[in-house]
Amino acid sequence: MFRRILIANRGEIAVRVTQTLQQMGITAVSIYARPDRHAKHVRMADEGYAMEGESAADTYLRGDKIIDIAKAHHIDAIHPGYGFLSENATFAKWCQDNDITFIGPSATVIANMGDKLIAKKIMAEAGIPVVPGLTISAGDEASIRREAIKIGYPVLVKAAAGGGGKGMRLVTEEKRLADALAAAQREAKSAFGDDRVFIEKYIEKPRHVEIQIFGDTHGQAVHLFERECSIQRRHQKIVEESPSPALSPTLRQHMGEAAVQAAKAIGYTNAGTVEFILDQEGHYYFLEVNTRLQVEHPVTELITHQNLVEAQILVAAGQPLPFTQDSLRQTGHAIEVRIYAEDPERNFLPSTGKIVHYVPPAAPYVRVDSGVTAGSLVTVHYDPMLAKLIVWGTTRAASLQRMRWALSRFVIMGVTTNIEFLRRVIEHPAFQQGDLHTHFLEEHEEVYAPSDDDIPDAVWIAAAFSSKPSSHHASDASYQSDSPNVESNSPWSVGESWRAF
Ligand code: ADP
């Protein structure tokens with residue numbers, strides 16, 4: 001077993017991995033960029049090593065420097081978390097070349113799955129349904145045109161090296177195809193240094209349903225059921241749940257088996273996710289494999305009672321999977337929301353500053369994975385996700401009820417957050433009914449606007465924590481919100497007032 005593991009990440013995931021390592025008796029070693037020198041992940045780790053620089057590009061993305069730190073401090077293995085270097089095949093290979101275990105799948109699997117075209121080809125050959133489409137060899141526009149007509153408009157142009165929704169273009173009619181291809185190629189070239197694009201049938205109002213997979217080095221592969229992640233903004237997930245309200249036991253079994261088949265087809269080891277889109281008729285299509293631990297993994301942990309990070313460490317150390325397919329059960333319902341420092345009323349503009357109050361909800365079946373505390377600085381340098389709130393209930397209704405409560409008790413002051421926006425999403429009748437699809441937010445745009453009776457309890461709770469009589473400052477110009485939708489005497493402006501500190 002490993003003795004010393006370096007976590008090549010920051011924020012909540014670095015904290016989450018650190019806790020499990022310490023529970024396993026493994027020394028957790030952190031790295032940090034200058035703005036993070038007082039961050040929670042650094043304070044919690046057993047050891048921490050500074051990296052020169054502030055930007056992610058100069059620090060958490062510098063695989064070469066991270067390997068140097070690992071070698072200098074006798075590190076046995078590196079946990080990459082998600083984002084940063086977690087799906088970087090070159091970094092995984094460097095680890096291997098330096099006798100450091102990369103906690104994740106092999107460099108080859110990462111490289112193959114990072115290429116959407118190779119991934120689709122492998123999956124199609126393994127008999128897994130893929131979205132109908134065509135690979136584009138540069139300049140061959142006539143064949144693209146023919147294929148687009150064959151599969152039928154609308155079509156989606158995607159980048160082979162894509163990620164995070166970049167390089168994607170929806171094309172509704174033939175006359176827009178050429179422009180969309182050129183634009184997607186340009187965007188893909190600048191974002192990934194690879195301008196290969198392809199077209200795919202655009203599935204109308206699909207659900208995003210993904211299956212958690214896990215493989216070991218002894219040839220075993222299992223799935224840990226699904227997560228529905230249909231609530232997305234700009235192709236980024238913000239709410240995830242399991243079970244999916246859309247899956248019958250039979251469909252769940254079929255999709256689970258398809259995901260395990262996918263894992264076996266590529267010799268998958270460690271934790272991964274097979275993403276599918278599910279159309280309105282219940283047909284599912286392979287989208288991609290994410291070769292890392294996902295942001296939303298706690299949903300799976302709560303319904304299966306497994307610790308996925310612990311399983312990652314065991315498997316990376318060469319041990320067999322700590323569970324079998326038959327031993328895994330999906331119990332109750334779990335839901336996660338991502339809490340961001342951003343302002344939904346100003347087009348989700350990131351909000352920076354110092355967190356002056358931070359009081360997460362604490363109750364049975366309520367889990368908060370967070371990278372911040374009171375006093376933490378939220379800077380422009382990194383992703384503005386502050387915390388993940390995950391709750392469990394015996395049924396979906398019970399879990400949504402608990403989530404509503406937990407959101408109303410989550411106090412974060414000093415930066416603007418999306419908490420009230422999330423509460424409106426969870427409370428929306430269509431969400432409550434499980435009537436989800438990836439365009440949910442566009443279709444129900446009322447969730448963007450706070451209503452008058454939508455007074456956030458957290459504001460009042462925060463006011464109680466405050467030593468300043470915040471609501472009495474409503475007439476003070478320096479405390480007024482500059483948002484046109486916000487009345488100066490409304491509780492919404494209280495949140496703004498904290499930004500004056
Ligand atoms: P990325 O790797 O950039 O995140 P994905 O292929 O995972 O790209 O797709 C991201 C999101 O885009 C999906 O969750 C889904 O909402 C939407 N999407 C992708 N492919 C299609 C498709 N063929 N039809 C409709 N929506 C799609």
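Residue-by-condition table, conditions (1) touching a residue at least 24 places away in the same chain (Cβ under 8 Å); (2) within 11 Å of the ligand (Cβ to nearest atom):
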position	(1), (2)
E147	yes, no
G162	yes, yes
R186	no, no
K205	yes, yes
A221	yes, no
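Which of the residues belonging to region 396-416 are over 19 Å from P298 (Cβ atoms) and assigned to a loop (DSSP other than H, G, I, E, B)?
G414, V415, T416
So, of the residues in region 379-390 that are within 13 Å of A334 (Cα to Cα) and of a type in the set (A, V, I, L, M, F, W, C), which turns out to be surrounded by the fewest Cβ atoms within 10 Å (Cβ to Cβ)?
L389
State whether one or more residues within region 192-199 are assigned to a helix (DSSP H, G or I) and under 23 Å from the mean Cα position of the chain (by Cα).
The answer is yes, given that some residue of region 192-199 is assigned to a helix (DSSP H, G or I) and under 23 Å from the mean Cα position of the chain (by Cα).
Can you tell me which of F214, F198 is away from the ligand (no atom under 13 Å from the Cβ) and of a type in the set (F, W, Y)?
That would be F214, the only listed residue that is away from the ligand (no atom under 13 Å from the Cβ) and of a type in the set (F, W, Y).
Any idea how many residues of region 164-182 are within 15 Å of the ligand (Cβ to nearest atom) and aliphatic (A, V, I, L, M)?
Count: 4.
Tell me which residues, restricted to region 1-32, are crowded, with 23+ Cβ neighbours inside 10 Å and part of a loop (DSSP other than H, G, I, E, B).
Hits for region 1-32 are A8, N9, R10.
Regarding L247, is this residue away from the ligand (no atom under 16 Å from the Cβ), of a type in the set (A, V, I, L, M) and closer than 21 Å to I335 by Cβ?
Working: away from the ligand (no atom under 16 Å from the Cβ): yes; of a type in the set (A, V, I, L, M): yes; closer than 21 Å to I335 by Cβ: yes.
Yes: the conditions hold for L247.
Matching residues to (1) out of contact with any Asp or Glu (no Cβ under 7 Å at 6 or more places or on another chain); (2) under 14 Å from E241 (Cα atoms); (3) in the same structural domain as Y82 (by TED's automatic domain parsing):
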residue: A363; (1), (2), (3): yes, no, no
residue: S370; (1), (2), (3): no, no, no
residue: T373; (1), (2), (3): yes, no, no
residue: V378; (1), (2), (3): yes, no, no
residue: Y382; (1), (2), (3): yes, no, no
residue: I390; (1), (2), (3): no, yes, no
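If you check N98 against the conditions, is it under 22 Å from Q212 (Cβ atoms) and in contact (Cβ under 8 Å) with a residue 12 or more places away in the chain?
no
Take S190 and tell me if it is out of contact with any Asp or Glu (no Cβ under 7 Å at 6 or more places or on another chain), modelled with pLDDT under 95 and closer than 30 Å to P344 by Cα. Don't jump to the end; show me each part of the working.
Numbers: out of contact with any Asp or Glu (no Cβ under 7 Å at 6 or more places or on another chain): yes; modelled with pLDDT under 95: yes; closer than 30 Å to P344 by Cα: yes.
Answer is yes for this residue.
Here is a check on your reading of the model: is K158 at pLDDT below 95, more than 14 Å from the ligand (Cβ to nearest atom) and out of contact with any Leu (no Cβ under 6 Å at 6 or more places or on another chain)?
Spelling it out, it is not the case that K158 is at pLDDT below 95, more than 14 Å from the ligand (Cβ to nearest atom) and out of contact with any Leu (no Cβ under 6 Å at 6 or more places or on another chain).
Taking the condition of being over 17 Å from E296 (Cβ atoms) and among the aromatic types (F, W, Y), how many residues in region 325-364 meet it?
Number satisfying all stated conditions: 2.
Please enumerate the residues belonging to region 350-378 that are closer than 25 Å to S30 by Cα, open to solvent by less than 40 Å² (accessible area, probe 1.4 Å) and among the polar types (S, T, N, Q).
Matches in region 350-378: S370, T373, S376.
Tell me, please, whether a residue that is among the small types (G, A, S) and touching a helix residue (DSSP H, G or I) at 6+ places or on another chain (Cβ under 7 Å) can be found in region 189-210. Steps first, answer last, please.
Here is the first cut: in region 189-210, the residues among the small types (G, A, S) are 190-191, 193.
If we keep only those that are touching a helix residue (DSSP H, G or I) at 6+ places or on another chain (Cβ under 7 Å) too, we end up with none.
No, there is no match, as no residue in region 189-210 is among the small types (G, A, S) and touching a helix residue (DSSP H, G or I) at 6+ places or on another chain (Cβ under 7 Å).
Which of the helices (runs of 4 or more DSSP H) found entirely inside region 225-342 contain at least 1 residues meeting this: open to solvent by 40 Å² or more (accessible area, probe 1.4 Å) and within 24 Å of A160 (Cα to Cα)?
Hits in region 225-342: 249-265.
Do we find a residue being open to solvent by less than 50 Å² (accessible area, probe 1.4 Å) and under 25 Å from A56 (Cβ atoms) anywhere in region 391-408?
There is no residue in region 391-408 that is open to solvent by less than 50 Å² (accessible area, probe 1.4 Å) and under 25 Å from A56 (Cβ atoms).
The values are calculated or read from the model by the stated rules, or taken from the named source; none is laboratory data. What you are looking at is a predicted structure, and each value in this text was computed from that prediction instead of being measured. A quick note on method: Cβ atoms are made from the backbone with ideal geometry, for glycine too, and the neighbour counts reach across all protein chains shown. The protein model used for the area step is the full one, side chains on, heavy atoms only, and it has no ligands, DNA or RNA in it. Shrake-Rupley method; radii C 1.70, N 1.55, O 1.52, S 1.80 Å.
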